[in-house]
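Peer 1: Sending over a structure as structure tokens; questions will come in a sec.
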Amino acid sequence: MLKKVDARGMNCPLPVIHTKKALETIENGKITTIVDNEVAKENVSKLAKSLDFKVDIQQSQGNYYIDIFKEHNMIEPIDMDIHCDTTPKKDLVILISKDRLGEGSEELGKILMKGYIYTLTEVQPLPKSILFLNGGVNLVVEGAETIEHLRDLESKGVEILSCGACLDYFKVKNKLLVGGIGNMYHIVEKLNNAQNTIKL
């Protein structure tokens, strides 16, 4: 028996649920599930493999055709690890300790830093946190050309945190325009818990 499950456009975990229901309706034969994204393809494949069924996958015009061959009675799924979140994530913390990028020309370095922070707003995945230390706090206070881009990142869920002692040292705490104020304990904790870090 051949059955088809058209799961294109369905939100996770519906492709898996509909595929499992279709498999339950046949004694043996082939189920073809059609999905339109990588996450659904992986999840449906995991379902079939957890049931110990043979799987064959073909791709055509942006769709995945997943053939599942049921040749024995179904067992309870084993170790079926379904992920529904299609948003790429990366536990990345960026530590910025100066207001310019690279060595050499100070003027060029400031232009590059502004460009770097702007580019962060345009790419995925976003960092989890951006920490500002020492001269880096000059990027989060009144007069900085990076404020608009940092506010954009903050609105997208990126944590912006500046060293309170550094703001005090440069006498700019009252000029802070974006993000929150932390201490060295907060900074060390976030760096230690991050899976990935970048220091600029």
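Peer 1: Kindly indicate the residue of the stretch 33-54 that is within 14 Å of Lys4 (Cα to Cα) and not polar (S, T, N, Q) and also surrounded by the fewest Cβ atoms within 10 Å (Cβ to Cβ) among those meeting that condition. Step through it out loud before you land on a result.
Peer 2: Narrowing the stretch 33-54 to residues within 14 Å of Lys4 (Cα to Cα): 33-35, 44.
Filter once more, so that each one left must be not polar (S, T, N, Q): 34-35, 44.
Details: Ile34: 18, Val35: 27, Val44: 28.
My answer is Ile34.
Peer 1: Let me ask something else about it. Among the numbered criteria (1) surrounded by 15 or more Cβ atoms within 10 Å (Cβ to Cβ); (2) modelled with pLDDT of 90 or more; (3) assigned to a helix (DSSP H, G or I), which single criterion is violated by Lys21?
Peer 2: Of everything listed in (1) surrounded by 15 or more Cβ atoms within 10 Å (Cβ to Cβ); (2) modelled with pLDDT of 90 or more; (3) assigned to a helix (DSSP H, G or I), Lys21 misses just condition (1).
Peer 1: Does Leu139 fit the bill of being free of Cβ contacts under 8 Å to residues at least 60 places away in the same chain, under 17 Å from the mean Cα position of the chain (by Cα), crowded, with 16+ Cβ neighbours inside 10 Å and assigned by TED's automatic domain parsing to the domain that holds Tyr185? Even if it seems obvious, please write down each step before you answer.
Peer 2: Values: free of Cβ contacts under 8 Å to residues at least 60 places away in the same chain: yes; under 17 Å from the mean Cα position of the chain (by Cα): no; crowded, with 16+ Cβ neighbours inside 10 Å: yes; assigned by TED's automatic domain parsing to the domain that holds Tyr185: yes.
Judged against the criteria, Leu139 is not a match.
Peer 1: Moving on. Select from the stretch 68-105 the residues that are surrounded by fewer than 16 Cβ atoms within 10 Å (Cβ to Cβ), modelled with pLDDT of 90 or more and among the charged types (D, E, K, R) and list them in ascending order.
Peer 2: Matches in the stretch 68-105: none.
Peer 1: While we're looking at this one, here's another question. In the stretch 173-199, what residues are under 16 Å from Asn138 (Cα atoms), of a type in the set (A, V, I, L, M) and either without any contact (Cβ under 8 Å) to a residue 24 or more places away in the chain or not assigned by TED's automatic domain parsing to the domain that holds Pro127 (or both)?
Peer 2: Ile181
Peer 1: Here is a further query. Checking Glu38 against (1) of a type in the set (D, E, K, R); (2) within 30 Å of Ile160 (Cβ to Cβ); (3) modelled with pLDDT under 90, which single condition isn't satisfied?
Peer 2: Here Glu38 meets the rest and fails (2).
Peer 1: Now a separate question. Could you identify the single residue in Ser50, Ser45 that is of a type in the set (Ser, Thr, Tyr) and modelled with pLDDT under 90? Give the derivation first.
Peer 2: Details: Ser45 fails: modelled with pLDDT under 90.
When all the criteria are applied, what remains is Ser50.
Peer 1: Which members of the stretch 142-158 meet the condition of being surrounded by fewer than 17 Cβ atoms within 10 Å (Cβ to Cβ) and touching a Lys or Arg at 6+ places or on another chain (Cβ under 9 Å)?
Peer 2: Answer for the stretch 142-158, where residues must be surrounded by fewer than 17 Cβ atoms within 10 Å (Cβ to Cβ) and touching a Lys or Arg at 6+ places or on another chain (Cβ under 9 Å): Glu142, Gly143, Glu145, Gly157.
Peer 1: Just checking, how many residues over the stretch 1-50 are of a type in the set (Asp, Glu) and either within 23 Å of Gly62 (Cβ to Cβ) or touching a His at 6+ places or on another chain (Cβ under 8 Å) (or both)? So that I can check it myself, show each step before the final result.
Peer 2: Let us first name the residues in the stretch 1-50 that are of a type in the set (Asp, Glu), namely 6, 24, 27, 36, 38, 42.
Add one more test, that the residue is either within 23 Å of Gly62 (Cβ to Cβ) or touching a His at 6+ places or on another chain (Cβ under 8 Å) (or both), and what stays is 6, 36, 38, 42.
Here the count works out to 4.
Peer 1: Please enumerate the residues belonging to the stretch 19-50 that are more than 27 Å from the chain's Cα centre (by Cα) and without any contact (Cβ under 8 Å) to a residue 12 or more places away in the chain.
Peer 2: Correct list: Lys21 only.
The values are calculated or read from the model by the stated rules, or taken from the named source; none is laboratory data. Predicted model only: the values in this text are computed from it and were never measured. Note that each Cβ is placed from the backbone with ideal geometry, even for glycine, and that neighbours are counted across all protein chains shown.
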